[in-house]
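> Below you will find the structure I want to go over with you.
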């Protein structure tokens, strides 16, 4: 057996939702598995995204050999632009994952300098002391892999995100056989996704939503809007197929949705028959019963296409009486109020809204393994050490307890959190200390800014740039703005004389260009004010202060 | 048939969650059914509660004959202090409902001048032109009634909140017979609770949680903490009974929980055997396996007993390794993140946490009727007009669609919202216009202030008193406060010289008296700062500005 030490150091995602990132080190070689973001909590108003603090990697920058991605979801790749701007290393991912990464890096002007390398399932690569064998798994996204990492001390398996879907829509099966073979050969450690550990039984196959979609297509008499996560390629594929069968044209609305569908079509995950696709601008030329619109914004994000359509403020997406809107996604915890508010607006448009209400057949299924699937993988792999990953503390703990009771399959369970250093040597594994971890808040600016967008800022910079609080008094009854908006600033140099008047005018303009429904929806109106004011301030002063609109209801 | 017009005017609760209040008018007589509050949304930071705008009632104050309450939940009685301070009218409610009302009015120093009159099921009362017949219904609270309102035009039934529980823990059955008799005699209009219209089937009986509680009591080896809504009398009764059976002493922790249990005991809803109850201070004298603690704070409210216990900051409620914590309540939409954060803290204390996870037997059941129960009542009542009440717009709409398809039982469905005037005469019913409605935001101050608490303010007053924004920079890694807090004010006269320094000192003191876990939980720390600063400012200046702490993570 080799003498030396293997360290696994989660930099995010263990004890928190999102921001998945783990370093693995043998001697002078460090590899990083995933580089995810976290969407900010309501308390962090004025921040766009949150990424892991990578000071450990920066302190060891000469040792970092590369980043390996398990799949293309934001909580696994979303921190890449930020990490690559600090760390010039190669990035490995499957074809589909890299397509998302390219799109994202391009948007930030980072693509030209990036070193992207393709990963194929069952084709091993060598990075420093590590040999990495990607294993095909199923998930809500396509082209996802688990990683069997061969180290001098033995094999470590990192599942990435997965469910065990026996009937994936692309017929690319979960590679149970390879997991079984590793189990036979002996596995040092299994790092497994904890997201759905609270759910009993099995997660239904992606194919389970087909029955509901069939029903909806059969019964819809007017326009059919379908909203799902832009990365739900299985769902988009299904909608496109059914639209074709039912003689409906397909339009994509929303930037992420359009990009994602293009990537999926380019790579052959979706086949779009000639003449099926139309531009949003062409929708008016077709009868309502001839249209299927795939639209982004399933979480009720204030500026998304569906949110704007719900308050009748989208140029192309007009939702009218008798139209059907399908929300084929889960409600991410924290978004409930916003989503139900959007659904209420859709009901007011007299649309027929179909959303997850626990009924069967389901309009959405989860992409993560439930308890029985988690146990299946543990049974197959029979690891000496089991480490729950990807979950809030209670999920890690429940996962640890579950595995801890599986005496025939699991040697020892290690419950670690982001920042813990888990070290293995030929005597075994143990927690030996901690590295600095944390959340870095990023204000990514207007997404169309391209290169300037790279000016990524954490809160240290934001507090240098100061705070701007526009305070608006809205009369709840009339929806009117009562007085001229007040603008409070702190630590922010207001610059020229006319600056404050200009800022006030911007806020007034934003308000006057908003519909009554938007003004009644504080989430929407705050986001509009924030984004318009950000553009103005950035142009006037090249500064990016934290902007937090305050609405007073009077 | 009488000539004249009957008007039903919902002032809150139709098209929004909470704030239930409806006016009913015949000529010169107006009665008001329920006077509920709404808990504010996250966007309305700095506001404690939200109540309906009652300008319609104030404009017609000489016609208002009284307020009739269906039951004692906050979304039906919580606006009473505010309404009674503006409107001196008698209030009718059942014995248990009035006990809650008394407690609430006493707290605001309004009890002495209140005219409270007891309502008994099956004993009709006359208020102006109306004769009101209270009908016993089942719900998550005890002593709840529906109202059959006899008017010159016919009988109108208002269900209040209900489910049809065939086996209520107090054996007081839902009075199906009286509903049936009204159906036989003919009913003009049925106003029915829409809360659970999205749920198929039947809501399980309150008794369904007994199996889970039995299991928990049988398996718990150390302290047992049970948290539920303080008004969940059925749940408290069950816990007290089982504690007695299993030889555990019972302590109540949390103000609402203690009050509510006292009321329930006084009125005979709970029997507490001699010697079973102990004070929180006595807990330390008993072995962990001899304790059952009923504790408030099931929604993770930052200052609640359970939230504080979860971060190890409660004087009496110490949660230790191996203790069990049961959350026997639903997650109110919008509270998910806060509640899961609290659960995570409890897991970190190595407590065994039992919460609603969809498993059976359930640890919580809903108090509202699901679809089959709603249909049952419609079948029994066979109203000429059906009007869905108590729900967000989508729920009212779905309820309207459901009833609209019941041709054998329903004449016509009217979908109205808060502010609509629904008028009936001998030709039928129709919407004839609107009155002013809206939300009034109240900062109710420190709840122990008693009389001064009556200084209830809406946002008009708040904006007169100005805004105070304490800005605190917390280092995420170390939990340290980086610089002296900044305090920004607007429209608020800072008064004496030392005022700002004093305010800064208050914030520093609050921070230094908080644990690391509290400082990491922005919800908690903001609420602590807000409440301490409010007390300081109120003492210094007699003003009550809006206080919105801003936390910068650096």
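The values are calculated or read from the model by the stated rules, or taken from the named source; none is laboratory data. Predicted, not measured: the structure shown is a model, and the values here were computed from it. With ideal geometry, Cβ positions are generated from the backbone for all residues, glycine too; neighbour counts draw on all protein chains shown.
> Give me the residue from region A:313-353 that is surrounded by fewer than 19 Cβ atoms within 10 Å (Cβ to Cβ) and in contact with a strand residue (DSSP E or B) (Cβ under 8 Å, 6 or more places away or on another chain) and, out of that set, nearest to residue B:391 (Cα to Cα).
A:322
> Can you tell which of A:396, A:380 is at pLDDT 95 or above and more than 12 Å from chain B (Cβ to nearest Cβ)?
On inspection, the qualifying residue turns out to be A:380.
> Report yes if residue A:374 is at pLDDT 95 or above and surrounded by fewer than 24 Cβ atoms within 10 Å (Cβ to Cβ), otherwise no. Talk me through it step by step, then tell me what you get.
Values: at pLDDT 95 or above: yes; surrounded by fewer than 24 Cβ atoms within 10 Å (Cβ to Cβ): no.
The answer is no for residue A:374.
> Related question: When residues of region B:182-198 are filtered for being closer than 15 Å to residue B:391 by Cα and assigned to a loop (DSSP other than H, G, I, E, B), how many remain?
Number satisfying all stated conditions: 5.
> With B:233, B:278, B:293 as the choices, which residue is in contact (Cβ under 8 Å) with a residue 60 or more places away in the chain and either touching a strand residue (DSSP E or B) at 6+ places or on another chain (Cβ under 6 Å) or closer than 21 Å to residue B:346 by Cα (or both)?
Going through B:233, B:278, B:293 in turn, just one is in contact (Cβ under 8 Å) with a residue 60 or more places away in the chain and either touching a strand residue (DSSP E or B) at 6+ places or on another chain (Cβ under 6 Å) or closer than 21 Å to residue B:346 by Cα (or both): B:293.
Rundown of residues vs (1) under 22 Å from the mean Cα position of the chain (by Cα); (2) under 21 Å from residue B:259 (Cβ atoms); (3) without any contact (Cβ under 8 Å) to a residue 24 or more places away in the chain, yes/no style:
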residue: B:304; (1), (2), (3): yes, yes, no
residue: B:307; (1), (2), (3): yes, yes, no
residue: B:320; (1), (2), (3): no, no, no
residue: B:330; (1), (2), (3): yes, no, no
residue: B:346; (1), (2), (3): no, no, no
residue: B:355; (1), (2), (3): yes, no, no
residue: B:368; (1), (2), (3): yes, no, no
residue: B:376; (1), (2), (3): no, no, no
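> Right, something else. Can you confirm whether residue A:178 is at pLDDT below 95, over 27 Å from residue A:17 (Cα atoms) and buried (at least 19 other Cβ atoms within 10 Å of the Cβ)?
no
> While we're here: Please count how many residues of region B:365-390 are touching a helix residue (DSSP H, G or I) at 6+ places or on another chain (Cβ under 8 Å) and on the phi > 0 side of the Ramachandran plot.
Number of matching residues: 1.
> Of the conditions (1) in a loop (DSSP other than H, G, I, E, B); (2) in contact (Cβ under 8 Å) with a residue 60 or more places away in the chain; (3) surrounded by fewer than 24 Cβ atoms within 10 Å (Cβ to Cβ), residue A:56 fails just one. Which one is it?
(1)
> With region A:101-181 as the region, which strands (runs of 3 or more DSSP E) entirely inside it contain at least 3 residues that are touching a residue at least 12 places away in the same chain (Cβ under 8 Å) and in the same structural domain as residue A:72 (by TED's automatic domain parsing)?
Answer list for region A:101-181: A:116-118, A:130-137, A:144-151, A:154-158.
> Given the criteria within 22 Å of residue B:169 (Cα to Cα) and either touching a helix residue (DSSP H, G or I) at 6+ places or on another chain (Cβ under 8 Å) or within 14 Å of chain A (Cβ to nearest Cβ) (or both), does residue B:333 qualify?
no
> Among the residues of region B:281-310, what is the count of those that are touching a helix residue (DSSP H, G or I) at 6+ places or on another chain (Cβ under 9 Å) and either over 30 Å from residue B:49 (Cα atoms) or assigned to a helix (DSSP H, G or I) (or both)?
Final tally of qualifying residues: 8.
> Sticking with this structure for a sec: Restricted to region A:473-492, and to residues that are facing chain B (nearest Cβ under 7 Å) and not in a loop (DSSP other than H, G, I, E, B), which residue is modelled with the lowest pLDDT?
A:490
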